[in-house]
1. Which whole number of Å³ per residue matches the convex hull of the alpha-carbon atoms in the chain?
2. Separation between the residue 281 and residue 213 pseudo-spin-labels, each 7 Å from Cα along Cα→Cβ, expressed in nm?
3. Once amide H atoms are built 1.01 Å from N in the peptide plane, which residues 5 or more positions from residue 183, or in another chain, come under 5 Å H to H?
4. Under the rule that a partner needs its Cβ under 4.7 Å from the first Cβ, which Cys of the chain have none?
5. May I ask what percent, to the nearest 5, of DSSP beta bridges between residues of the chain are antiparallel?
6. Mind checking which of 218, 304, 36 has the largest fluctuation in a GNM of the chain, springs on alpha carbons under 10 Å?
7. Measure out, as a whole number of angstrom, how far apart the alpha-carbon centroids of segment 221-245 and segment 54-89 sit.
8. What whole number of Å gives the distance from the Cα centroid of segment 273-302 to the Cα centroid of segment 308-376?
Amino acid sequence: MIVFERLMWLQNRKIPPAKPFFPMEDREEILSAVGKILESGMLTLGSYTKEFEKEFAKVSGVSHAVAVNSGTSAIEIALRALDVKQGDEIIVPTNTFTATAAAAWFSGAKPVLVDIHGSSLCIDLTNVKKAISNRTAGVIAVHIGGVICPQISEIRDLCREKGLFLVEDAAHAQGCTADGRAAGSFGNAGCFSFYPTKVITTGEGGMITTNSESVANKAKVLRDQGKESFESNKIVAFGYNWRMQEISAAIGLTQLRRLQEIIEARNRSAEIYDQELLSKNRMDGQEVPKGQVVNRYKYTAFVKRGIDRDEFKRRLAALGARCGGEVYWPPCHLQPAYQEFLGVRAGEFPVAEDYCARMVCLPMYTQLTAEDAQYVAGLASTVLRELA
């Protein structure tokens, strides 16, 4: 009877693509914090936000962190704090979420899309060099899937040489390091997201990291309607309501304390996927450079050429394991809005088109057990054999 029940459970097993991680003791701490916040009457930009900013700056190895209401806001605020002007151009990889390129538009600049560097899925140094013009103000490097852009140091050096700013879209990269240096500390500013699917979450929220006091001060003004300070009604810039709520910051503090535990758990699952799928040459993997600590926000791999990616995902889901959303498909240059406004077309960025069209993101979350990961890998192997 026990064996039969076990078999029935396995047949009905459902593995979601992602899941937030809130242990019971953290839930209790958050509920206690909510009570204190409500009692204080300080629901935004209070003590929890300040503490979250201080602790996140430590983790990121920077002097300043500015909490905002989303990763999208973080990018636009960072660009505006770096004094982007009308007519400026900002180089952006085509393989990114629309928030990255759209932030350039909204800050007054024009995004200039470039192709990526193969299986890293990140911006390519050679293409950045080719795209630089006398109107280029800066570069946005996007860390993908919890892996820091492999060429980030070289791109940083190029930007310094050319007098350009470098912004890191580190939405995926909480806790990631390259050669001991944290994501968000390479550029003039780093921009993080705490959306529910991210490695750590505040529900909705974002953070700007920087070593520039000027950038940090401008960001604080812009996030609060352009007021010179939270207590003042004097408007010194044109900002928006981009503030983080105190409750979000309280959640973020509990999550931040779990960050290393979360990263270790996700990497254990990734090692099983690597062993069962990559080492057996059933799939190709995302490039993970030596010397990096990666957080495995996504477990990103690629089906072999000739395999129908969408059919693979459909069959895997039918067996009980759903893949997460790709990072990213379609890339920006295949999106109708960018084709209309930038005049870009299919075929212009062949590396991104190849890798993004074959990309899959297998289930990945902190509570994924070794048994779960083995189960998913086994299902994926079965489906790949059927489609070969």
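1. Per-residue hull volume (Cα only) is 140 Å³.
2. Roughly 5.9 nm, to one decimal.
3. Distant-sequence amide H within range of residue 183: 176, 177, 178.
4. 159, 176, 191, 323, 332, 356, 361
5. Roughly 60 percent of the beta bridges in the chain run antiparallel, per DSSP.
6. Of the options given, 36 has the highest mean-square fluctuation.
7. 15
8. 15
Values quoted throughout were computed directly from the atomic coordinates according to the rules given, and no laboratory measurement underlies them. These numbers come from a predicted model, not from an experiment. As a convention, Cβ positions derive from the backbone with ideal geometry for all residues, glycine included, and neighbour counts pool all protein chains shown.
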